[in-house]
Amino acid sequence: QVHLVESGGGLVQAGGSLRLSCATSGLTFLNYYIGWFRQTPGKEREFVANIVRSDITTYYSDSVKGRFTISRDIDKNTVYLQMDSLNTEDTAVYYCAADRLSWGRDPKIYYYWGQGTQVTVSS
């Protein structure tokens, strides 16, 4: 059974940093595409970044490019999202998602989801 567990969220001041973790289990890590998404109340889930399964190609939304970095630790089956220069517009619940066959920016593509972790950026 596949499980994704996010951690690392919290409250941070604008300009600060956080590192989110997505610990995976029940899947062959390198066979899956892993993405980070975020959602605020009343809005649709938004693509943040993803990493292509067997190589290290990464993609970012324009709103986070240059500030966020997605990476992975194969030994720990964990994907990270390093978030720097945070601003209040980054406040959201952050989710990681995984899919074996498809990847992209549409959250509907991804089959497995974590429970989310709250990130709040204060001004």
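State the extension gain, in nm to one decimal, for the chain segment bounded by Gln82 and Val2, taking 0.36 nm per residue of separation less the distance between their alpha-carbons.
Answer, rounded to one decimal: 26.4 nm.
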Cα-based Rg and Dmax for region 51-123, in Å, come out at 13.0, 40
Quick check: the distance between the Cα centres of region 1-31 and region 92-123, to the nearest angstrom? 10
Note the full-extension length gain between Gln118 and Thr28 as 0.36 nm times their separation in residues minus their Cα-Cα distance, in nm to one decimal. 29.7 nm
Filtered hits (aspartates and glutamates, Cα-Cα < 15 Å from Lys108, offset >= 8 within chain) -> Glu44, Glu46, Asp99
Leaving out same-chain residues fewer than 8 places away, which lysines sit with a Cα under 19 Å from that of Lys65? none
Jot down the radius of gyration and Dmax of the chain, Cα atoms only, both in angstrom. 13.3, 40
Under the 7 Å Cα-to-Cβ spin-label approximation, Asp75 and Glu46 lie apart by a distance in nanometres of 3.6
Of every hundred units of 1.4 Å-probe accessible area on the chain, the number belonging to carbon and sulfur atoms, as a percent, is 47
Per residue, how much accessible area does the chain have with a 1.4 Å probe, in Å²? 52
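The values are calculated or read from the model by the stated rules, or taken from the named source; none is laboratory data. Remember, it's a predicted structure, so these values are computed and weren't measured experimentally. Counting neighbours? That spans all protein chains shown, and the Cβs are built from the backbone with ideal geometry, glycine included. For the accessible areas, the whole protein counts, side chains as well, though only heavy atoms, and no ligand, DNA or RNA atoms are used. Shrake-Rupley method; radii C 1.70, N 1.55, O 1.52, S 1.80 Å.
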